[in-house]
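Everything below concerns the one structure shown next.
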Amino acid sequence: MAESMSGMKRTHRCAELGKAQIGQYVTVMGWVQKSRNKGGVIFVDLRDRSGILQIIFEEGNCGSEVFEKAGKLRSEFVAAVTGKVCERAGAVNKNLATGEIEVVAEQLRILSESETPPFHIEENSKTKEELRLKYRYLDLRRPDIQKNIIMRSKACAVIRNFLSEEGFLEIETPMLTKSTPEGARDYLVPSRVHPGTFYALPQSPQLFKQLLMVSGYDRYFQIARCFRDEDLRADRQPEFTQVDMELSFVDVDDVIDVNERLLAKLFKEIIGVEVSLPIQRMTWQEAMDRFGSDKPDTRFGMELNDVTEVVRGCDFAVFKNAIEAGGSVRGINAKGQGTMPRKKIDALTAFVKDYGAKGLAYVAIQPDGSIKSSFAKFMKEEEMQALIHAMQGEPGDLLLFAADRNKVVYASLGALRLELADQMGLLDKNQYNFLWVTEFPLLEWSEEENRYQAMHHPFTMPMEEDLQYIDTDPGRVRAKAYDIVLNGTEIGGGSVRIHQDDIQEKMFEALGFTQERAHDQFGFLLEAFRYGVPPHAGLAYGLDRLIMLMAQVDSIRDVIAFPKVKDASCLLTSAPGAVDDKQLEELGICVAETKE
């Protein structure tokens with residue numbers, strides 16, 4: 001039978017107690033982690049969000065009624081205890097913050113009883129994630145998950161305080177807005193008042209934050225909820241949180257400066273990590289050439305080597321055909337992996353096929369200097385030696401090559417170096433390597449659409465010196481865009497925005513927009529730009545990804561209170577679900593059955 005806490009007031013959280021409180025009478029409340037009845041003494045570990053505290057019930061101290069009640073305590077019962085803080089009579093528990101003390105109980109109230117939970121509430125649970133997410137309210141009691149959620153809250157507070165001190169205003173933008181199909185799929189919300197029309201949930205506050213710059217608010221930020229109807233993976237959710245900002249009368253360096261100082265403060269205050277400033281910068285082209293990725297992990301080497309010129313003219317058809325088709329031959333040197341079994345090399349070959357590569361060519365240099373290779377018979381001795389020299393190959397090394405269009409070579413070798421680094425234990429989670437990637441291409445060619453698309457969005461400013469190419473060679477134009485990368489994960493990105501009419505028109509032309517289509521999708525912004533728009537730029541972080549890296553976990557689901565799973569469903573609430581016919585009728589919606 002649950003009791004009331006009337007007349008009892010909590011004085012401390014469990015882990016707020018220590019040797020300084022010895023001799024004090026305290027009242028603590030929380031969940032029973034475990035209970036051990038040793039006959040004349042009952043030991044109870046009481047847990048709240050701060051940690052665990054040992055409670056001792058001795059019949060001589062608390063009386064037979066309280067002692068008998070304590071004997072009924074089970075895991076996850078909610079209890080309130082009043083007693084005296086004492087030095088531990090038994091061995092000190094160095095694994096607990098409260099390991100030097102215990103509370104000798106005098107009063108106990110059982111505030112709520114619990115059924116046996118479907119899994120044990122413990123750190124680093126081995127329980128399947130599907131079961132944990134179904135009972136997420138229990139999973140959220142686990143100390144490691146609570147630590148992540150608390151870290152997220154503290155990080156948001158640091159971000160808010162820093163940006164406020166830097167003159168930013170926190171302004172909310174609409175959640176019900178207009179669909180702009182350029183980009184990921186929108187989540188649509190039907191309008192009852194305007195039958196047959198739909199709102200869209202925001203993919204980002206992009207257009208509204210630019211309007212706020214037109215409105216003269218100078219420096220805006222928002223910790224904003226965003227929605228994208230796209231396929232999920234470990235670091236992606238249908239609803240996510242951005243730390244969004246926009247600044248007026250600035251250029252690239254101004255945005256980078258304030259964000260470097262923000263990151264330094266955040267990492268120092270939340271996890272005690274010193275971020276060395278200024279953060280390294282690298283152009284997009286250099287990142288692709290060296291790492292095969294626009295979000296390179298720089299915690300280890302194994303960089304790509306372009307050996308196209310070294311093997312030009314050789315008789316190996318794979319290399320020859322790729323070069324003749326305008327592609328390239330590039331390789332990576334996996335140091336010390338020369339004795340890798342053929343079976344593992346075959347597995348790596350299968351791995352790169354997922355990234356469009358037709359296969360991998362390899363040279364395994366044995367410890368004695370002899371060579372095993374998949375293509376040596378097509379190479380002259382001097383050609384092979386020149387290739388090994390270009391790759392800085394030494395006895396014991398494994399050289400791996402991809403030959404194809406640049407896009408395929410970059411993607412496959414970029415993924416391969418990460419896979420090898422993981423297998424070789426080169427990824428240190430305690431190392432935080434930040435990198436700005438700058439000068440992205442303004443546009444990228446879409447094979448599906450048969451036209452150029454904006455790599456960021458249609459309002460990204462081209463680099464002034466490249467404007468001359470926008471009509472004749474659009475793919476050559478670089479953008480004033482920048483991403484902030486941490487350990488191979490893009491944690492944020494932004495750009496300087498276009499604020500001149502003529503450049504915006506050129507951009508729409510390059511994207512194949514008619515004036516009518518541009519006005520239909522973005523008319524309210526273009527109209528606003530006729531009334532005096534300042535030069536402006538911005539950036540947005542993926543808060544979930546950022547906290548994931550700070551907490552050193554592998555999935556953003558571990559830093560979100562109530563996440564969705566890969567099919568965008570919620571195992572806890574069973575969302576999305578059907579709605580009754582009356583609601584659909586009010587909205588003018590008919591749900592068509594799909595045939596299997």
Sorted by chain and then number, the residues having a modelled amide H within less than 5 Å of the amide H of HIS12, at least 5 places away or on another chain, are THR27
Computed over the chain: longest principal axis from alpha-carbon atoms vs helix 501-510 long axis, angle to nearest 10 degrees, is 80 degrees
Violations at 22 Å Cα threshold for listed pairs LYS126/LYS147; LYS178/LYS595; LYS128/LYS566; LYS380/LYS407; LYS34/LYS429; LYS147/LYS564 -> LYS178/LYS595; LYS380/LYS407; LYS34/LYS429
Residue-normalised value, i.e. accessible area per residue, for the chain at 1.4 Å probe, in Å², stands at 50 Å²
Between THR460 and residues 5 or more places away or on another chain, the pairs with built amide H atoms under 5 Å apart involve ILE498
Output for the range 446-542: GluC sites (Glu not before Pro) sitting in coil per DSSP, at most 11 other Cβ within 10 Å, listed by number, reads GLU447, GLU448, GLU449
For LYS353, the aspartates and glutamates lying under 17 Å Cα to Cα, once residues fewer than eight places off in the same chain are dropped, come out as ASP404, GLU419
Taking Cα pairs closer than 8 Å and at least 6 residues apart, the relative contact order of the range 239-395 in percent is 17 percent
Computed over all unlike Cα pairs, the Kirkwood hydrodynamic radius of the range 184-261 in Å stands at 14.8 Å
Once phi for every residue in the range 5-14 is put through the Karplus expression 6.51 cos²θ - 1.76 cosθ + 1.60 (θ = phi - 60°), the whole-Hz ³J(HN,Hα) values, with Gly and Pro written as x, are 8, 3, x, 10, 10, 5, 9, 8, 6, 3
Projecting the Cα atoms of ASN305, GLN280, ALA184 onto the charge dipole of the range 161-320, where Lys and Arg contribute +1 and Asp and Glu -1 at Cβ, the residue farthest towards the positive end is ALA184
Percent relative contact order for the range 503-596, counting Cα pairs under 8 Å at least six residues apart, stands at 9 percent
Filtered hits (lysines, Cα-Cα < 19 Å from LYS335, offset >= 8 within chain) -> LYS343, LYS344, LYS372
Distance in Å, no decimals, from the C-alpha centre of the range 372-403 to the one of the range 195-222 is 54 Å
Checked against the positive end of the charge dipole of the chain (+1 on Cβ of Lys and Arg, -1 on Cβ of Asp and Glu, about the Cα centre), the farthest of MET507, GLY523, ASN406 is ASN406
Note on the chain: contact order normalised by length, alpha-carbon pairs under 8 Å, 6 or more apart, percent, works out to 13 percent
log10 I(q)/I(0) for the range 420-488, Debye formula on C-alpha points only (no solvent), q = 0.19, 0.20, 0.21, 0.28 Å⁻¹, two decimals, reads -0.78, -0.81, -0.85, -1.22
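The values are calculated or read from the model by the stated rules, or taken from the named source; none is laboratory data. None of these values were measured; they are calculated from a predicted model. Ideal geometry is used to build each Cβ from the backbone, glycine not excepted, and the neighbour counts take in all protein chains shown. Accessible surface areas use protein heavy atoms only, side chains included; no ligands, DNA or RNA. Shrake-Rupley method; radii C 1.70, N 1.55, O 1.52, S 1.80 Å.
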